[in-house]
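Have a look at the structure below, then the notes.
The values are calculated or read from the model by the stated rules, or taken from the named source; none is laboratory data. Quick caveat: nothing in here was measured; it's all calculated off a predicted structure. As a convention, Cβ positions derive from the backbone with ideal geometry for all residues, glycine included, and neighbour counts pool all protein chains shown.
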Amino acid sequence: MSAAPQKAKPGAEQIPVTVSAVVPLNELVTRFEFKRTDGQAFPTFSGGAHTVVTMNDDGRTRLNPYSLMSDPSDTSMYAISVRRDDNGRGGSLFMHTRVKVGDQMTITYPVHLFSLDLRARKHLFFAGGIGITPFMAMIAQLERMNGNWELHYSVRTEALGSYVDELRYKFPNKVHVYYDDQNQAIPLEDLLDGQPLGANAYVCGPKGMIDWVHATAEAAGWPDAQVHSEEFLAPAPGKPFEVRLCKSDMTVQVGENESLLEAIERAGVEAPFLCRGGACGQCETDVVAYDGDFIHRDHWLDEEQHADGSKIMPCVSRFVGKSLELDR
Amino acid sequence: MTIQFNEETFRDDYSFYNSDWAIKRFPFPFHEDSYMYSVNMEQHRGGPEGSVYEMRFDVDEHYVSEMKDRAMVLADDPLRCQSLPHMTLAGWDLLELIMVSKSEDYPDLFELHRDGDHWRWINKPLGIDDTFTFLDETTLPYGPMEYITRQAQGDFCVLDQRDEMLWMDAGMVTTQADWSLDFDIGMNFFEWHAPVPLAHEMGIFKRALKFLLNIQQGAPARRLNWTMTVNPLLDTSPENYHKWGIQKTTLTPENIGAKQHLRVELQTFFRLPRSNALVFPIRCYLISFQDLVTVPKWGRRLHRVVRDLPVELATYKGFIDNRPLMLDYLGKFDDGQPTSPGVFPDLDTEPPLGNAS
């Protein structure tokens with residue numbers, strides 16, 4: 001059909017926003033609040049959604065995904081919490097050191113890759129560190145619906161426990177906090193045992209924690225479909241390499257600290273994307289030819305596709321070798 | 001814009017008709033002289049002024065009579081509307097989407113006044129003025145999905161999204177092309193599409209699912225689908241096949257122009273915000289062959305498409321037995337001249353009908 005052909009833009013719909021608050025929570029984490037620049041209401045969303053923030057870092061465009069952590073029913077503002085990563089690629093540092101109240105920024109419409117299973121009789125949340133953010137929105141949503149939930153939140157120290165006081169004050173019987181420096185650990189096996197039929201578990205945190213929850217749940221006989229996780233991968237740095245873009249008829253150098261997707265975009269070639277974290281599948285790209293080895297890091301392609309070299313997810317994956325040609 | 005609503009029926013005496021306005025804006029589904037499946041998706045963000053693509057939910061001259069027909073179908077068979085328990089939130093999402101869209105797109109017909117969760121909804125064509133509390137289903141006469149889809153043309157499938165899959169977990173389905181919500185409820189995307197020929201082998205559904213799972217808030221999509229219906233029946237359901245199936249044998253060379261209808265579905269897809277469900281409205285448009293051939297380009301093209309359609313598709317769409325009769329009729333409106341690309345009538349530029357076969 002071609003009723004009104006329009007070219008699809010890469011990425012989700014954009015919303016121009018103004019930074020309305022910058023609230024340092026502790027040594028590592030700062031909350032940023034946004035209002036819509038046009039004064040309209042934000043779209044509501046479901047807990048677990050993220051937004052991609054566009055940062056203009058002295059001419060270099062950075063696009064980082066962050067979970068929306070504000071109450072989804074409050075359409076007057078959006079909030080994200082950003083953990084500073086001094087060894088990262090610079091997006092979180094930019095947010096911490098450069099973004100001020102009153103700044104104009106652009107964020108995307110909510111994108112949902114980590115949703116509540118609304119059939120669940122009970123929602124069991126496991127958070128590690130900054131992984132608390134999607135649960136802040138999920139909890140607000142479930143509270144409004146009289147949902148049955150319980151949070152187990154692991155943090156390094158009391159000083160680094162973002163939102164611990166607020167959560168404990170509001171929900172003293174539902175929130176359980178564990179401090180690494182006091183040798184406290186989530187009693188996962190006990191918790192997974194004895195949950196009512198129809199309970200669903202959700203985990204957001206470091207990769208090790210996600211794997212631990214999945215493996216422990218599986219060993220305890222939980223169906224995999226009732227264990228949900230979200231892990232955003234940041235693109236890892238790697239050796240520079242060269243890529244040939246066949247459709248665009250150009251050759252691009254991928255630098256040590258940029259992703260293949262960023263290099264393609266820098267060359268002015270429009271490529272689809274949504275999450276920029278290896279999870280959503282939007283940037284899937286066909287490989288035309290290659291001589292070398294892929295460093296696949298995504299959660300999207302299956303093992304067979306990783307092995308046969310037919311596709312690559314340029315948001316997080318890289319290449320080492322003599323030559324790489326992509327259908328882009 | 002003011003719409004004159006037709007007094008008409010989609011059963012018994014079949015007084016359904018299209019005005020000249022409705023004929024010219026009919027969503028003709030063939031952009032070229034042949035047809036094969038494709039994932040023919042495009043963004044649903046408006047379209048040419050006055051076309052069925054312009055608004056988020058098109059309202060036309062058939063609105064009031066279609067809603068009366070839906071009420072009759074539901075009175076006979078309440079299982080045409082079902083919502084599994086976890087889909088109530090998606091129902092509220094849908095109610096909000098339709099009320100906001102219609103009140104913004106047709107302010108002379110619909111009004112929505114919101115004060116927090118205290119809402120007032122005015123539907124002038126149907127004479128409704130209700131006040132209720134958003135997210136409190138005890139304040140509405142029906143569940144939220146049923147309430148609003150009794151006031152919106154087209155069928156509505158509300159699909160839950162879990163485990164990288166879509167599930168037919170709620171819907172209002174009274175104007176369907178021979179499929180049953182009661183049969184499909186709770187099925188996943190591949191299960192409810194299982195009866196479709198050829199498309200599975202072509203990988204159509206795998207690609208379509210991937211596309212649909214990725215439809216984002218604020219970025220709805222649409223496509224067209226089509227079939228053939230004898231008599232202007234909205235309810236061509238399997239439940240009532242014994243009533244309408246037999247009517248396919250009543251075609252004659254004399255009555256085919258009036259009785260045979262091209263049935264087109266404008267399918268749209270919207271991500272729902274609170275539930276992360278996907279709503280899939282399927283809006284049915286009917287046009288008789290005799291009205292359709294008043295547009296010379298469409299007459300030429302429909303003849304060629306029906307003539308060249310693979311047997312499997314003509315069988316699946318239920319008109320293989322009537323195809324010779326259709327071709328005899330449509331051939332009279334195909335003079336062999338080339339047609340312009342695209343779906344629109346192009347009445348000013350396409351030549352009038354010359355000597356046909």
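Observations on the model:
- Extreme residue, modelled with the highest pLDDT, among residues of the stretch A:21-53 that are crowded, with 16+ Cβ neighbours inside 10 Å and among the hydroxyl-bearing types (S, T, Y): A:T30
- Scan the stretch A:197-224 for residues that are without any contact (Cβ under 8 Å) to a residue 60 or more places away in the chain and either assigned by TED's automatic domain parsing to the domain that holds A:H50 or under 20 Å from the mean Cα position of the chain (by Cα) (or both) and the total you get is 6.
- Of the residues in the stretch A:130-142, at least one is in a helix (DSSP H, G or I), assigned by TED's automatic domain parsing to the domain that holds A:D211 and of a type in the set (S, T, Y).
- Any hit, the stretch A:255-273, residues being away from chain B (no Cβ under 14 Å), hydroxyl-bearing (S, T, Y) and surrounded by fewer than 16 Cβ atoms within 10 Å (Cβ to Cβ): no
- Some residue of the stretch B:135-152 being farther than 27 Å from A:L116 by Cα, in contact with a helix residue (DSSP H, G or I) (Cβ under 8 Å, 6 or more places away or on another chain) and either surrounded by 23 or more Cβ atoms within 10 Å (Cβ to Cβ) or modelled with pLDDT under 95 (or both): yes
- When restricted to residues that are within 14 Å of chain A (Cβ to nearest Cβ) and over 20 Å from B:Q153 (Cα atoms), the stretch B:1-33 contains 3.
- Taking residues in the stretch A:16-37 that are touching a residue at least 60 places away in the same chain (Cβ under 8 Å) and outside any strand (DSSP E or B), and partners anywhere that are surrounded by fewer than 18 Cβ atoms within 10 Å (Cβ to Cβ) and among the charged types (D, E, K, R), the pairs with Cβ atoms closer than 9 Å and at least 6 places apart or on different chains are A:E27/A:R84; A:L28/A:R84; A:L28/A:D85.
- Residues considered: B:M87, B:M55. Of these, the only one that is within 16 Å of the chain's Cα centre (by Cα) and within 13 Å of chain A (Cβ to nearest Cβ) is B:M55.
- Just one of the listed residues (B:L278, B:L302, B:L286, B:L262) is within 30 Å of B:L84 (Cα to Cα) and at pLDDT 95 or above, and it is B:L278.
- Within the stretch A:251-297, the set of residues being in a helix (DSSP H, G or I) and over 17 Å from A:G321 (Cβ atoms) comprises A:L261, A:E262, A:I264, A:E265, A:R266.
- Residue check for B:V279: closer than 18 Å to B:F26 by Cβ, crowded, with 22+ Cβ neighbours inside 10 Å, more than 12 Å from chain A (Cβ to nearest Cβ) and touching a helix residue (DSSP H, G or I) at 6+ places or on another chain (Cβ under 9 Å): no
- B:W167 satisfies every condition listed in (1) over 15 Å from B:L278 (Cα atoms); (2) in contact with an Asp or Glu (Cβ under 8 Å, 6 or more places away or on another chain); (3) at pLDDT 90 or above except (1).
- Residue among A:E33, A:E13 that alone is among the acidic types (D, E) and more than 12 Å from chain B (Cβ to nearest Cβ): A:E33
- A Cβ distance below 8 Å, combined with a sequence gap of six or more or placement on separate chains, defines the contacts here; from the stretch B:120-140, residues that are closer than 25 Å to A:E143 by Cα and without any contact (Cβ under 8 Å) to a residue 60 or more places away in the chain reach residues that are charged (D, E, K, R) and assigned to a loop (DSSP other than H, G, I, E, B) in the pairs B:T133/B:D117; B:F134/B:D117; B:L135/B:D117; B:D136/B:D117.
- Condition met for B:P27 (assigned to a loop (DSSP other than H, G, I, E, B), touching a Phe, Trp or Tyr at 6+ places or on another chain (Cβ under 8 Å) and surrounded by fewer than 17 Cβ atoms within 10 Å (Cβ to Cβ)): no
- Strands (runs of 3 or more DSSP E) (entirely within the stretch B:195-293) containing at least 2 residues that are among the charged types (D, E, K, R): B:221-230, B:260-271
- Odd one out for A:F114, checked against (1) out of contact with any Asp or Glu (no Cβ under 6 Å at 6 or more places or on another chain); (2) assigned to a loop (DSSP other than H, G, I, E, B): (1)
- Evaluated against (1) in contact with a helix residue (DSSP H, G or I) (Cβ under 6 Å, 6 or more places away or on another chain); (2) of a type in the set (S, T, Y); (3) not in a loop (DSSP other than H, G, I, E, B), B:T339 falls short on exactly one condition, (3).
Conditions (1) within 30 Å of B:V293 (Cβ to Cβ); (2) away from chain A (no Cβ under 14 Å); (3) surrounded by fewer than 16 Cβ atoms within 10 Å (Cβ to Cβ); (4) not charged (D, E, K, R), marked per residue:
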position	(1), (2), (3), (4)
B:D178	yes, yes, no, no
B:L181	no, yes, no, yes
B:L198	yes, yes, yes, yes
B:A221	no, no, no, yes
B:L233	yes, yes, no, yes
B:T252	yes, yes, yes, yes
B:L262	yes, yes, no, yes
